[in-house]
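I have placed the structure first, in the form of structure tokens, so that the comments after it can refer back to it.
The values are calculated or read from the model by the stated rules, or taken from the named source; none is laboratory data. Not measured: the values here are computed from a predicted model. Virtual Cβ from ideal backbone geometry, glycine too; neighbours counted across all protein chains shown.
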Amino acid sequence: MEEGVAMKTLQQLSLAVPGAELTGGADVPIAFLATDSRTEDLTGALFICIRGGSFDAHDAAGQVVSKGAAALVVEHRLPVDVPQLIVKDSREAWSYLASCWYGFPAEKLRLIGITGTKGKTTTTTLIARILEHAGYKVGLIGTVANEIAGKSYPQHLTTPDPMEMQELLSRMVEAGCTFAVMEVSAHAAALRKIAGMEYEVMGFTNLSQDHLNDFHTMENYGAAKALLFRDGVCRTAIVNADDAYTPTLVKGRTGATLYFSLEGRGDIRAEKISSRLSGVSYEMHASSGSRKMELRLGGRFNVANSLLAAAVCLQCGLSMDLIAEGLAGVPGVPGRLERVDNPEGATVLVDYAHSPDSLENVLNAVRPETKGRVWAVFGCGGDRDRGKRPLMGAIAERLADRVVITTDNPRTEDPDEIIREIAAGLEKPENALCVTDRTEAIHYALREAGPDDTVVIAGKGHETYQEICGVRHHYDDREVVRDYIAARSK
């Protein structure tokens, strides 16, 4: 049993799952929850049989019982001699059970969620920093890292699996946090990872092409996002009035819905916008008043991100003055237009842009402030949406002066084939350089770029690994740049 978690009976756990039917064994003590049939010792476990894309754990029921499982969570009764908790959806039940196991920590926190294709990490980081400036202890769950009351911890998924999620929330409660600010992915909604949790505020940034390897169509992708705005999932929705998908997203909501906009048509609006690579400023207008906002993050897209962050904090009861002070104090977000110091050479920016829209936004942001040439060094991930590859090639060709196509995280795919698919989107492929080795590609751009140029290294951002043939190797674009600059200065 996990340290610090009190043992529970099967009946106690069963009561947490709506509509569950328990077939005996009410007083059976449960040592831990399990979902992996490969676990060697399952003594005392409540094993949750989950149906996956290629494996149905119901088929392994006999095996897990032989390893000591005390009871099963199933979607239909199985011919094994242990108590069974019969549920409609095992994945959803997992979320309810994990919450019960850790004492329902979400009910003791003010939950803030941000979803969308782009901007989740920046927006949640800004919200956390504003709330901390206002004196609150904050937990943060996201792509770059998880934070609990100012301490950072490594993460593995944008939205963790239910047990990890509830453990994090429990630790936040123990640390005295008031707020839990979370990036919430479409996958989290589709896989019912947040079942049973109600968010005080859920914000929506935007919707554009991504994750189609999993969702197959934009309609499916959008429908997964829409699950997060159902009544009972979020009390107040704050959504992007400038995004074409927003009306579909909030269709059928009866709860409070607020709209933010850079185009003058929202409840919360940004006006008199000034956008530079070094930062943005604008006037924020809401029913409670107006205030000038300044942020040390560049690009018009960061006006939208910061406006949503400010709107969320305003909804949570903070004053505009506190919000403005909090925004002004944020130095940056790792891997988001992150500048790598290059005293004698080109401006070097590392960004997580790995979708067509995000690459376009970043290149549009740097173009007006680049006296020389704009360089785009990027690739596309393997085992992911192949349709976006030629689109990103076309965008780079249109918006950058020099295009260097290289390897991102090829995973199990051939890196050269990915590069060829990106290059297929170019009108003049002979004008782009294809370099399979990412380090060589970065070195080439740094070597050839002039002092008035801007080199955008896109796709990996904050990541500190490169996944090749299913194995992760240490790799950090920022380190590659710093090492090259240090070697050149000797």
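All conditions but one from (1) modelled with pLDDT of 95 or more; (2) under 11 Å from the mean Cα position of the chain (by Cα) apply to residue 174; the one that does not is (2). Kindly provide the set of residues from segment 187-198 that are over 9 Å from residue 95 (Cα atoms) and surrounded by fewer than 24 Cβ atoms within 10 Å (Cβ to Cβ), ordered by number. Listed by number, the residues that qualify are 187, 189, 190, 191, 198.
Might you check whether a residue that is farther than 18 Å from residue 119 by Cα and buried (at least 23 other Cβ atoms within 10 Å of the Cβ) occurs anywhere in segment 151-160? Scanning segment 151-160, I find no residue that is farther than 18 Å from residue 119 by Cα and buried (at least 23 other Cβ atoms within 10 Å of the Cβ), so the answer is no. Residue selection: residue 308 satisfies the criterion of being assigned by TED's automatic domain parsing to the domain that holds residue 124, closer than 28 Å to residue 237 by Cβ and either modelled with pLDDT under 95 or not in a loop (DSSP other than H, G, I, E, B) (or both). Being closer than 30 Å to residue 394 by Cβ and in contact with a strand residue (DSSP E or B) (Cβ under 6 Å, 6 or more places away or on another chain), is that true of even one residue in segment 308-315? Within segment 308-315, one or more residues are closer than 30 Å to residue 394 by Cβ and in contact with a strand residue (DSSP E or B) (Cβ under 6 Å, 6 or more places away or on another chain). In the set (1) crowded, with 16+ Cβ neighbours inside 10 Å; (2) not in a helix (DSSP H, G or I), residue 273 fails one condition alone, (1). Residue 462 falls short on exactly one of the conditions (1) at pLDDT 95 or above; (2) within 20 Å of residue 351 (Cβ to Cβ), and that condition is (1). Exactly one residue out of 152, 185 is under 23 Å from residue 231 (Cβ atoms), of a type in the set (S, T, N, Q) and either at pLDDT below 95 or in contact with a helix residue (DSSP H, G or I) (Cβ under 7 Å, 6 or more places away or on another chain) (or both), and it is 185.
If you go through segment 441-478 and keep only what is of a type outside the set (A, V, I, L, M, F, W, C) and surrounded by fewer than 14 Cβ atoms within 10 Å (Cβ to Cβ), you end up with 447, 450, 451, 452, 465, 470, 472, 473, 474. Among 333, 303, which is the only one that is outside the structural domain of residue 110 (by TED's automatic domain parsing), under 24 Å from the mean Cα position of the chain (by Cα) and not in a strand (DSSP E or B)? Going through 333, 303 in turn, just one is outside the structural domain of residue 110 (by TED's automatic domain parsing), under 24 Å from the mean Cα position of the chain (by Cα) and not in a strand (DSSP E or B): 333.
Here's the yes/no breakdown for (1) part of a loop (DSSP other than H, G, I, E, B); (2) among the small types (Gly, Ala, Ser); (3) in the same structural domain as residue 50 (by TED's automatic domain parsing); (4) under 28 Å from residue 336 (Cβ atoms):
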residue	(1), (2), (3), (4)
126	no, no, no, yes
135	yes, yes, no, yes
144	yes, no, no, yes
173	no, no, no, no
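For segment 379-399, a residue qualifies if it is over 20 Å from the mean Cα position of the chain (by Cα) and either aliphatic (A, V, I, L, M) or at pLDDT 95 or above (or both), and the qualifying residues are 389, 390, 391, 392, 393, 394, 395, 396, 397, 398, 399. Whether a residue is among the basic types (Lys, Arg), closer than 24 Å to residue 232 by Cα and surrounded by fewer than 24 Cβ atoms within 10 Å (Cβ to Cβ) was assessed, and residue 171 does not pass this test.
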